[in-house]
Amino acid sequence: MRAAGSKLGTWAALGAAVMSMTCAGATRAEPVFVSGEGTPAASSDAGSGFDNLEVVDSRLNGKVAVLRVGSEVGQNNLLSVFAGLKNKTGRRLDLEIETIYQDKDNNALNAGSWIAFTLKPYEEKEYRSASISEEAVDFLIRVRRPPAGSASTGK
């Protein structure tokens, strides 16, 4: 019984630590968090959420979990976006990510460029990007595997 009580106490402490980090983060900014299943857990603006991230490569199905997606307007009035991703496999995943920023009329403000992004086995990692225009009010983050033979595959 003592071991079970000790494990329960450890889990309770871990839960409290996670909750305190979550609450501390909420005071600095008002991001939108999305669970790994795509269900919004909290929402601060209508322009952010699971719909703002698109996995465009079916080869990633079951391999990458989306932990959170969100945005905030910084003190410089530029939109800053983030996405938390997790590698669900025991192998390294080489990915590419791009962010397309949009204005209030849903017009793209940039062409987007694919950026290399690597996840180690079972690693959780956060992607971040910031707009270069104050006109950006919405965004789309896209995730894919690098095309065969591209430089970002490390081959």
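The values are calculated or read from the model by the stated rules, or taken from the named source; none is laboratory data. Values in this document were obtained by computation on a predicted structure and should not be read as measured data. Cβ placement follows ideal geometry from the backbone for every residue including glycine, while neighbour counts extend to all protein chains displayed.
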Is at least one residue of the range 101-121 within 22 Å of GLY62 (Cβ to Cβ) and among the charged types (D, E, K, R)? yes
Could you tell me which residue of the range 67-123 is farthest from the chain's Cα centre (by Cα), considering only residues that are of a type in the set (Lys, Arg) and farther than 26 Å from GLY149 by Cα? LYS104
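Restricting the search to the range 110-129, which residues are aromatic (Phe, Trp, Tyr) and surrounded by 13 or more Cβ atoms within 10 Å (Cβ to Cβ)?
Hits for the range 110-129 are TRP114, PHE117, TYR127.
Quick check on this structure: which one of TYR122, TYR101 is at pLDDT 95 or above, in a loop (DSSP other than H, G, I, E, B) and aromatic (Phe, Trp, Tyr)? Break it down into steps so the answer makes sense when it comes.
Details: TYR101 fails: in a loop (DSSP other than H, G, I, E, B).
Unique residue meeting the criteria: TYR122.
Quick check: anything in the range 140-151 without any contact (Cβ under 8 Å) to a residue 60 or more places away in the chain, of a type outside the set (Val, Ile, Thr), out of contact with any Pro (no Cβ under 9 Å at 6 or more places or on another chain) and under 13 Å from ASN52 (Cα atoms)?
Among the residues of the range 140-151, not one is without any contact (Cβ under 8 Å) to a residue 60 or more places away in the chain, of a type outside the set (Val, Ile, Thr), out of contact with any Pro (no Cβ under 9 Å at 6 or more places or on another chain) and under 13 Å from ASN52 (Cα atoms), which makes the answer no.
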Inter-residue pairs, beta-carbon under 9 Å, first in the same structural domain as VAL56 (by TED's automatic domain parsing) and touching a residue at least 60 places away in the same chain (Cβ under 8 Å) and in the range 91-114, second charged (D, E, K, R) and assigned to a loop (DSSP other than H, G, I, E, B), 6+ apart: ASP94/ARG145
